1. Mind listing whichever residues of the stretch 347-372 are among the polar types (S, T, N, Q) and more than 8 Å from the ligand (Cβ to nearest atom)?
2. Has the stretch 93-110 got any residue that is at positive phi and either modelled with pLDDT of 95 or more or within 20 Å of the chain's Cα centre (by Cα) (or both)?
3. Report yes if Val98 is part of a helix (DSSP H, G or I), closer than 30 Å to Ser432 by Cβ and not basic (Lys, Arg), otherwise no.
4. Please specify each residue of the stretch 52-88 satisfying the condition of being within 21 Å of Gly457 (Cα to Cα), open to solvent by 10 Å² or more (accessible area, probe 1.4 Å) and part of a helix (DSSP H, G or I).
5. Confirm whether Cys48 is over 30 Å from Tyr552 (Cα atoms) and assigned to a loop (DSSP other than H, G, I, E, B).
6. Scan the strands (runs of 3 or more DSSP E) fully inside the stretch 180-274 and keep the ones with 2 or more residues being open to solvent by 20 Å² or more (accessible area, probe 1.4 Å) and either basic (Lys, Arg) or within 16 Å of the ligand (Cβ to nearest atom) (or both).
7. Being touching a residue at least 24 places away in the same chain (Cβ under 8 Å), surrounded by fewer than 21 Cβ atoms within 10 Å (Cβ to Cβ) and not in a loop (DSSP other than H, G, I, E, B) is the filter; apply it to the stretch 139-162 and report the residue that is farthest from the ligand (Cβ to nearest atom).
Amino acid sequence: MSLFQDTYDVIVVGAGHAGCEAAAAAANMGSSTLLVTMNLQTIAQMSCNPAMGGIAKGQIVREIDALGGYSGIVSDKTAIQFKMLNKSKGPAMWSPRVQSDRMRFAEEWRLRLEGTPNLDFYQEMVSGLLVENNKVVGVTTSLGIKVRGRSVVLTNGTFLNGLIHIGEKQFGGGRAGERAATGITEQLLDFGFDSGRMKTGTPPRVDGRSLDFSKMIIQPGDDVPEKFSYSKETSPLTNQRPCHMSYTSPEVHDLLREGFDRSPMFNGRIKSLGPRYCPSIEDKINRFADKDRHQLFVEPEGWDTCEIYVNGFSTSLPEDVQFKALRSVAGFENVKFFRPGYAIEYDYFPPTQLKHTLETKLVSGLYFAGQINGTTGYEEAASQGLMAGMNAHLKVHDQEPFTLQRDEAYIGVLIDDLITKGTEEPYRMFTSRAEYRTLLRQDNADERLTPRSHKVGLASEERLVTMEKKRKQSDNLVKFFEHTSILPEEVNDILKERGSSPMRQSDKMFKVFSRPQIHLEDMKQFKKVAAYIDEHSLERDVLEQAEIKVKYAGYIAKEKANADKLQRLENIKIPDNFDYSKLKSLSFEAREKLSKIRPTTISQASRVSGVSPSDISVMLVYMGR
Ligand code: FAD
C-alpha cells in the first residue's frame with residue numbers, strides 16, 4: 001500500500017520561506033498539495049537575521065499579504081519590535097521592518113500550515129524528479145519512494161550541494177546543523193539545465209547574559225508601531241523589545257586581519273560570489289580599509305531567549321579569530337558564543353531558464369522559487385514561492401497564469417529582473433530597481449493586488465471588502481479636501497509656524513495640504529477636518545493614504561502616464577517560436593540574447609541586457625508597428 005494518495009496536484013519541495021508560501025497558496029486555492037521537506041522541525045527557519053522587511057523588502061511583505069500569503073500575518077504575530085524605515089523620505093521609500101522572535105516565527109508558520117486544508121506533510125529528502133516527455137510527474141525520495149504530482153515546486157534554498165566554511169574547516173551542509181541535499185542538481189544538469197554556485201554568510205550568535213548593554217546605544221522601536229498585514233487578524237505591538245548598537249574599532253580590525261591567511265574568502269577556497277550589499281566583516285575591512293569603525297546591531301532573537309544576533313559581523317573567519325575580535329567590541333568584553341559565524345556555498349539555477357510564472361522552460365509543470373533562483377532574503381524567497389504556488393495550481397487546473405507587471409508590484413520587478421536579466425551574484429530587492437516606485441508603495445499594496453488575487457481565488461472576500469472600504473474612505477477624504485474651502489484667518493497662523501507663505505484669500509484645503517511644509521497633524525487642527533475624521537471614524541491607515549494621494553498626486557499621475565505608455569509595448573506579444581536568426585538587421589548580440597531569453601513581449605525584449613533601442617525599432621518595424 002502506498003504512503004501517498006494517487007497523484008497530488010502540487011508537490012512543494014522544501015519548507016523554507018519560499019516553500020511555505022508556495023504550499024499555502026496552492027492548498028488555499030484548492031489544489032491537493034504535499035509539502036516534502038528534509039526536517040519538519042525546521043519549517044520556516046530564519047537561517048540568518050531574525051527580522052522581516054526593511055527597505056524594499058517591507059513593500060514585498062505587504063504585497064505578499066495583499067495577495068493572500070501568510071508572511072505578513074506571521075511576521076506581525078511574532079514581532080518583538082516594529083520600525084517604519086525611511087520615514088524622513090517620501091512615502092515611496094517608507095519601508096516597514098520588524099525584529100522577529102525566531103522560534104515563534106517558525107512555530108506560527110508551522111501551525112498555520114497545519115491548519116491549512118488540502119495540505120499534507122512528509123519529512124524526507126527529495127533526491128530526484130520524475131519526468132516523462134519533458135513533463136514533471138512527481139518526485140523520488142532518498143528512501144526510493146515515488147510520489148506522483150501534476151506539478152512540482154522546487155524551493156531548496158541553500159541546501160543543494162551546500163558546503164559550509166569556518167576558517168580552514170569545510171564540510172557539507174545546507175545550514176548549520178543540517179545536511180546538504182544531493183541528487184537534484186545532477187539530475188537537472190542531465191536534463192540540460194545550467195547551474196552555478198553562490199555564497200552567503202552569517203554572523204555569530206552570542207549569549208545576551210554575557211553582554212554589557214550599558215556600553216551600547218539603545219535602538220528602540222517606533223513610538224507608534226504599525227504592522228504588515230492589511231487584515232484585521234493582527235494588531236500593532238503594544239510592547240516592544242529594544243535592540244542595541246555598538247561599533248568595531250581599529251583594534252577589532254587588526255585582530256580580524258590576523259586571521260586573513262586562514263580565511264576561506266582570501267585563500268581562494270570560496271570561489272563563488274556573495275551578496276554585494278551584505279558583505280562579511282572581513283570583506284568590509286578589506287574593501288573599506290580607510291574606515292576605522294563599522295556599525296554592529298545587537299538584535300535579540302526573541303521575547304524570552306537570551307540569544308543575540310550580531311548584525312554586521314557576518315564572517316567565515318576561524319572561530320577563535322571571530323571570538324577574540326568580538327571580545328574587543330565595546331560591551332562584548334566577556335562575550336560567550338552560542339554559535340560561530342560561517343559561510344555557505346550552494347548551487348543555484350540561473351533564473352533566465354524560467355518563464356514569468358516561474359515555471360521552467362525545459363520541463364513543463366516544474367517551478368523554481370527562492371534562493372535556488374539566485375536571490376537572497378526571506379522576502380524575495382517568500383514572494384517567489386507564493387507566485388510559483390499560485391501558478392502551479394492554475395496550470396494543473398487549466399487556468400490562465402497569474403503574473404505581475406513592473407508597474408504593479410515589486411514582486412513583478414523581482415521576477416522580471418530575474419528571468420530577463422538573470423543574476424550572477426545573490427539578488428536582493430532595492431527600491432532603486434523599480435522604475436515606478438511612487439506607484440509601488442507599502443501603503444497601497446492592497447489596492448494594487450488584492451482584487452487581482454481575489455479574482456483568481458486566493459485573496460479572501462473579507463480582504464477584498466476591507467481593501468475596498470479603505471480605498472473608498474481615503475478617496476472620499478481626498479474629495480473632501482478638494483471641495484472644502486478654508487479661509488486665510490483659519491490657516492495663516494499654522495502656515496507661519498511652518499514657514500509657509502500666508503494665504504491672501506480663501507482656497508481649497510487640497511491646495512493647503514499640498515504644500516510641502518503642511519502635514520496631516522496640521523490639517524487635523526482645522527475644525528472641519530477633525531469633524532470629518534470623527535464623523536467617518538477614519539483610522540490611521542486611511543488618513544496616511546489620503547495624505548499620500550494629496551501630496552504626491554502629481555508624481556503619481558506622471559508615473560501612471562509613463563507606465564501606460566510602456567503598457568503599449570507590453571501588449572505587443574512575440575510569438576513563442578519567433579526566429580530571431582531571420583532578422584539580420586538585429587545586432588548579433590541581440591539575436592543571441594533574445595534567442596536565449598525568449599521574451600514574451602516587446603517590452604520585455606527591451607529590458608534584455610545587450611538589446612538596444614535600435615534593435616527594438618527593428619522588431620517593431622518587422623511586426624508592422
Ligand atoms: P531556505 O530558507 O534555505 O529553505 C530551504 C528548505 O528546503 C529547507 O527547509 C530545507 O530543509 C529544504 N530542502 C532543501 N533541499 C531539499 C530536498 N532535496 N528535499 C526536501 N527538502 C529540501 N539572506 C539575506 O537576505 N541576507 C543574508 O545575509 C543572508 N545570509 C544567509 C546566511 C546563511 C548562512 C544562510 C544559510 C542563509 C542566508 N540568507 C541571507 C538567506 C536566507 O536565509 C534565504 O534567502 C532564505 O531563507 C531563502 O529561502 P528559501 O525558501 O529559498 O530557502
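The values are calculated or read from the model by the stated rules, or taken from the named source; none is laboratory data. Keep in mind that this is a model prediction, so the values were computed, not measured. For neighbour counting, all protein chains shown are included, and Cβ atoms are generated from backbone atoms with ideal geometry for every residue, glycine included. Note: areas computed on protein heavy atoms with side chains; ligands, DNA, RNA excluded. Shrake-Rupley method; radii C 1.70, N 1.55, O 1.52, S 1.80 Å.
1. Those that are among the polar types (S, T, N, Q) and more than 8 Å from the ligand (Cβ to nearest atom): Thr352, Gln353, Thr357, Thr360, Ser364.
2. So the first thing to find is which residues in the stretch 93-110 are at positive phi, and the list is none.
No; the residues of the stretch 93-110 include none that is at positive phi and either modelled with pLDDT of 95 or more or within 20 Å of the chain's Cα centre (by Cα) (or both).
3. Working: part of a helix (DSSP H, G or I): no; closer than 30 Å to Ser432 by Cβ: yes; not basic (Lys, Arg): yes.
Taking the combined requirement at face value, the residue does not satisfy it.
4. Arg62 - this is the single residue of the stretch 52-88 that is within 21 Å of Gly457 (Cα to Cα), open to solvent by 10 Å² or more (accessible area, probe 1.4 Å) and part of a helix (DSSP H, G or I).
5. Yes: the conditions hold for Cys48.
6. On the way: elements: 196-202, 205-207, 217-219, 243-247.
Passing ranges, in order: 196-202.
7. So in the stretch 139-162, the residues touching a residue at least 24 places away in the same chain (Cβ under 8 Å) come out as 139, 141-142, 145, 147-162.
Add one more test, that the residue is surrounded by fewer than 21 Cβ atoms within 10 Å (Cβ to Cβ), and what stays is 141-142, 145, 148, 161.
Still in the list and also not in a loop (DSSP other than H, G, I, E, B): 141, 148.
On the way: Thr141: 8, Arg148: 17 Å.
Restricting to residues being touching a residue at least 24 places away in the same chain (Cβ under 8 Å), surrounded by fewer than 21 Cβ atoms within 10 Å (Cβ to Cβ) and not in a loop (DSSP other than H, G, I, E, B), the top hit is Arg148.
Here's the yes/no breakdown for (1) of a type in the set (Gly, Ala, Ser); (2) within 12 Å of the ligand (Cβ to nearest atom); (3) free of Cβ contacts under 8 Å to residues at least 60 places away in the same chain:
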site	(1), (2), (3)
Val10	no, no, no
Cys20	no, yes, no
Met38	no, yes, no
Gln59	no, no, no
Glu63	no, no, no
Phe82	no, no, no
Glu107	no, no, yes
